[in-house]
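Below: the structure, in structure tokens.
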Protein chains: 2
Amino acid sequence: VTSEEEPRERRARIWPGDLVRWVTEAVVQLGTPPDVADDVSAVLVAADRRGIASHGTARLPQYVSLVRRGILDPAAQPTLERSLGAIALFDAHNGWGHHAGRVANDWAVATAIDLGCAIAVVRGSNHFGIAGWYAMRAAENGLVGIALSNSSPLVAPTRAREALIGTNPIAIAAPAGGFGTVVLDMATSTVSRGRIEVAQRRGEALHPSWALDEAGYPALSAEAALGGALLPLGGHEETGGYKGYGLALVVDILTGVLAGAAYGPNIVPLFSTEHGTSDLGHTFIVIDPEALDGRKAFGQRLAAYAHQLITAPVAPDAPDRVLIPGEPEASLERRSDEQGIEMDDTHAADLARLATELGVEPPRLS
Amino acid sequence: VTSEEEPRERRARIWPGDLVRWVTEAVVQLGTPPDVADDVSAVLVAADRRGIASHGTARLPQYVSLVRRGILDPAAQPTLERSLGAIALFDAHNGWGHHAGRVANDWAVATAIDLGCAIAVVRGSNHFGIAGWYAMRAAENGLVGIALSNSSPLVAPTRAREALIGTNPIAIAAPAGGFGTVVLDMATSTVSRGRIEVAQRRGEALHPSWALDEAGYPALSAEAALGGALLPLGGHEETGGYKGYGLALVVDILTGVLAGAAYGPNIVPLFSTEHGTSDLGHTFIVIDPEALDGRKAFGQRLAAYAHQLITAPVAPDAPDRVLIPGEPEASLERRSDEQGIEMDDTHAADLARLATELGVEPPRLS
């Protein structure tokens with residue numbers, strides 16, 4: 001997580017509330033109903049607040065291109081297609097993934113409160129932003145949330161020469177009493193494509209377990225990797241890369257295959273405006289500890305566990321104490337809320353240009 | 001998976017049915033009720049049939065030691081402690097994990113058939129063998145099965161100097177129509193402790209992403225690693241090890257913490273006869289695609305996906321085509337059933353010695 005942070009430089013800042021209002025206005029301007037736009041802005045700005053710029057409002061120009069080319073339907077409303085007890089299928093009808101995701105996730109939260117456990121799957125969707133947002137929404141209710149999505153092929157399965165499968169994220173959030181929330185939100189690749197782009201800007205050599213080049217050999221430069229494929233978590237076969245590939249595949253099974261959406265190599269390229277609709281699948285699994293020995297007891301145990309981990313002896317080359325998943329992002333979120341979200345020049349300029357295009361005021365930077 | 005295979009040598013063979021009967025008899029001899037013993041032998045022999053010797057009947061002498069020292073109660077029967085809708089908690093009362101796991105998993109399968117999705121958690125348990133067995137049992141019914149367990153601390157969380165967390169396996173199985181079953185069954189460490197022991201016997205140097213030595217530096221020899229800790233999937237921080245650590249942690253959250261069992265550094269060492277009971281937690285999540293567009297349609301989509309993967313172009317250094325998780329084990333299972341299970345000399349001698357100890361006939365090798 002920390003390894004994906006950009007080096008600090010002087011940047012523009014914007015208050016989260018201002019950015020939320022601006023994104024909502026921009027998205028409504030595209031023909032999005034206000035309640036749908038609220039979800040889009042909440043999820044995108046949450047990524048910016050948590051320092052995950054690659055999944056936040058920096059993507060807005062690409063979403064807008066999809067809408068303008070008629071590829072993403074901004075007015076679509078998701079529908080509940082089928083449900084039985086603790087399972088439901090939603091169709092996003094090619095609308096905003098953030099809204100369909102929020103609606104399906106809320107169904108799973110409400111049903112888990114009734115039945116202890118529930119799963120909602122979504123088909124016909126588009127990118128839904130950070131998976132962690134949905135899982136955290138369950139955790140805010142005292143529940144354990146799991147959010148999964150498939151995505152465009154960027155990862156080479158172990159032994160394959162080219163990208164056939166997405167970076168298919170896994171997010172799991174659980175309330176940890178006084179400690180806060182534990183949030184694992186990870187791509188199933190070793191690093192993200194965004195991290196390769198950072199290496200390109202810095203002129204860094206790549207670790208050979210990050211990516212393959214176009215011919216299927218380990219990519220040693222960012223340029224070679226960007227023409228090739230990412231490697232799954234674990235890297236090559238010898239270091240357990242087949243496990244990361246297996247995880248990416250099971251995420252696709254639980255999302256695209258289960259929902260009857262697109263999967264694997266059949267998903268169109270990331271934010272492509274030339275290959276038709278995405279038809280992504282998302283899945284939300286929610287568990288309520290209340291029926292076991294109660295939400296409070298669960299949270300207390302998890303807080304005690306977190307305390308044991310963060311006070312453990314560290315390795316001699318460790319830069320700091322053991323971290324709990326989600327801690328770095330929670331710390332950036334607090335800083336964003338207190339001091340404003342930091343935005344690099346390209347990002348700020350892109351949003352200003354988008355404002356002009358859409359005929360709205362530019363976002364108010366401070 | 002293949003990297004953990006031992007080099008081929010001439011070995012004893014035993015028919016799976018003979019081994020199942022012998023294990024049942026041996027386990028009953030210890031004071032285990034016959035229905036409980038049936039589950040123990042089914043799970044242990046399944047591991048042997050699938051070539052996962054480290055989790056099969058080779059462990060039987062260690063289980064027997066636990067029983068003889070009064071640490072594992074062979075006669076215990078699991079009880080359903082609480083249930084509500086799609087969630088249930090079982091207490092294994094310190095009995096055989098294989099039986100408590102089978103009972104809880106069967107509850108989740110039956111409930112998922114009614115409600116579309118269900119979760120069963122178990123506390124107070126012992127090692128339950130291969131997690132894949134439970135997930136495959138759900139898949140045999142046309143459902144998607146997920147099986148998780150925590151385990152004794154063997155893995156150092158990212159930045160920690162020592163083992164604080166288990167290799168906490170994740171197994172997911174899904175029926176894939178004419179292709180068979182997709183089964184991911186993986187420890188969340190880069191390699192297993194068994195793989196380090198293999199390196200020791202072979203005198204191999206270790207990959208630096210496999211383990212730490214006692215002081216918390218990368219272990220370059222098996223001896224150093226066996227006195228230290230395994231590294232999580234992904235290895236060190238730079239190559240995504242914090243994701244493997246995060247996965248190990250969320251498995252523990254979904255098992256030990258959720259069930260109110262032991263977790264993390266509080267779990268006694270593996271098969272220890274000196275540190276009290278294990279109090280492990282297991283969790284089974286089962287999903288029934290029937291309520292969506294049906295089990296058959298799901299299986300057909302997954303078979304088509306598997307076909308796309310296994311026919312994809314391979315990397316220039318790939319030893320063979322792309323594999324689907326579970327394929328190598330399914331192939332070994334077929335060979336075991338056709339030609340008998342291969343058993344190395346140590347394993348065969350250990351079982352013969354155990355037979356003498358327990359006053360039963362030795363297993364009939366061929």
Give just the number: which of (1) within 30 Å of A:I196 (Cα to Cα); (2) open to solvent by 10 Å² or more (accessible area, probe 1.4 Å) does B:A163 not satisfy?
(1)
If I filter the stretch B:1-25 down to residues being modelled with pLDDT of 95 or more and open to solvent by less than 40 Å² (accessible area, probe 1.4 Å), which single residue comes out as nearest to the other protein chains (Cβ to nearest Cβ)?
B:P16
Filter result (open to solvent by 40 Å² or more (accessible area, probe 1.4 Å), within 16 Å of B:G235 (Cβ to Cβ) and assigned to a loop (DSSP other than H, G, I, E, B)) within the stretch A:204-234:
A:H207, A:P208
Which condition breaks for B:L148 when tested against (1) within 15 Å of the chain's Cα centre (by Cα); (2) in a loop (DSSP other than H, G, I, E, B)?
(2)
What residue, of B:G234, B:G166, is within 12 Å of chain A (Cβ to nearest Cβ), of a type outside the set (D, E, K, R) and either over 26 Å from A:Q308 (Cβ atoms) or touching a residue at least 12 places away in the same chain (Cβ under 8 Å) (or both)?
B:G234
Name every residue in the stretch B:324-357 that is over 30 Å from A:G216 (Cα atoms) and crowded, with 16+ Cβ neighbours inside 10 Å, in order of residue number.
B:E333, B:S336, B:G340, B:I341, B:E342, B:M343, B:H347, B:A348, B:D350, B:L351, B:L354, B:A355
Looking at (1) touching a residue at least 60 places away in the same chain (Cβ under 8 Å); (2) more than 7 Å from chain B (Cβ to nearest Cβ); (3) under 30 Å from A:L80 (Cβ atoms), which is the one condition that is false for A:L249?
(2)
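Can you confirm whether B:E274 is outside any strand (DSSP E or B), over 15 Å from B:H127 (Cα atoms) and at pLDDT below 95? Give the derivation first.
Values: outside any strand (DSSP E or B): yes; over 15 Å from B:H127 (Cα atoms): yes; at pLDDT below 95: yes.
It is true that B:E274 is outside any strand (DSSP E or B), over 15 Å from B:H127 (Cα atoms) and at pLDDT below 95.
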Which number in (1) within 11 Å of chain A (Cβ to nearest Cβ); (2) open to solvent by 10 Å² or more (accessible area, probe 1.4 Å); (3) farther than 27 Å from B:Q77 by Cβ marks the one condition that B:G180 misses?
(1)
Could you figure out which of (1) out of contact with any Gly (no Cβ under 7 Å at 6 or more places or on another chain); (2) buried (at least 24 other Cβ atoms within 10 Å of the Cβ); (3) more than 10 Å from every other protein chain (Cβ to nearest Cβ); (4) among the β-branched types (V, I, T) isn't true of B:T255?
(1)
If A:P289 satisfies all but one of (1) at pLDDT below 95; (2) closer than 30 Å to B:G85 by Cβ, what's the number of the condition it fails?
(1)
Single condition A:L332 does not satisfy, out of (1) closer than 30 Å to B:A86 by Cα; (2) touching a residue at least 60 places away in the same chain (Cβ under 8 Å); (3) in a helix (DSSP H, G or I)
(1)
Filtering the stretch A:272-296 down to residues that are at the interface with chain B (Cβ under 7 Å from one of its Cβ atoms) and more than 27 Å from the chain's Cα centre (by Cα), which residue is surrounded by the fewest Cβ atoms within 10 Å (Cβ to Cβ)?
A:D293
Name the residue that is farthest from B:A171 (Cα to Cα), counting only residues in the stretch B:26-53 that are in a helix (DSSP H, G or I) and open to solvent by 20 Å² or more (accessible area, probe 1.4 Å).
B:Q29
Single condition B:G264 does not satisfy, out of (1) within 14 Å of chain A (Cβ to nearest Cβ); (2) open to solvent by less than 30 Å² (accessible area, probe 1.4 Å); (3) in contact (Cβ under 8 Å) with a residue 12 or more places away in the chain; (4) out of contact with any Pro (no Cβ under 8 Å at 6 or more places or on another chain):
(4)
For the subset of the stretch A:187-203 comprising residues that are farther than 16 Å from A:I165 by Cα, open to solvent by 40 Å² or more (accessible area, probe 1.4 Å) and in a helix (DSSP H, G or I), which member is nearest to the other protein chains (Cβ to nearest Cβ)?
A:R202
Do you know which residues across the stretch A:232-279 are on the phi > 0 side of the Ramachandran plot and among the small types (G, A, S)?
A:G234, A:G235, A:G240, A:G260, A:G264, A:G276
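Residue by residue, here is whether (1) assigned to a loop (DSSP other than H, G, I, E, B); (2) open to solvent by less than 10 Å² (accessible area, probe 1.4 Å) holds:
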residue	(1), (2)
A:L72	yes, yes
A:L89	no, yes
A:N94	yes, no
A:A100	no, yes
A:A104	no, yes
A:V109	no, no
A:I119	no, yes
Within the stretch A:347-366, residues touching a helix residue (DSSP H, G or I) at 6+ places or on another chain (Cβ under 8 Å) and part of a helix (DSSP H, G or I) come out as A:H347, A:D350, A:L351, A:R353, A:L354, A:A355, A:E357, A:L358
If I filter the stretch B:302-323 down to residues being at the interface with chain A (Cβ under 7 Å from one of its Cβ atoms) and not in a loop (DSSP other than H, G, I, E, B), which single residue comes out as surrounded by the fewest Cβ atoms within 10 Å (Cβ to Cβ)?
B:Q308
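The values are calculated or read from the model by the stated rules, or taken from the named source; none is laboratory data. Being a predicted model, the structure only gives us computed values, none of them experimental. We place every Cβ from the backbone using ideal geometry, glycine too, and count neighbours over all the protein chains shown. These accessible areas exclude ligands, DNA and RNA; they are computed on the full protein's heavy atoms, side chains included. Shrake-Rupley method; radii C 1.70, N 1.55, O 1.52, S 1.80 Å.
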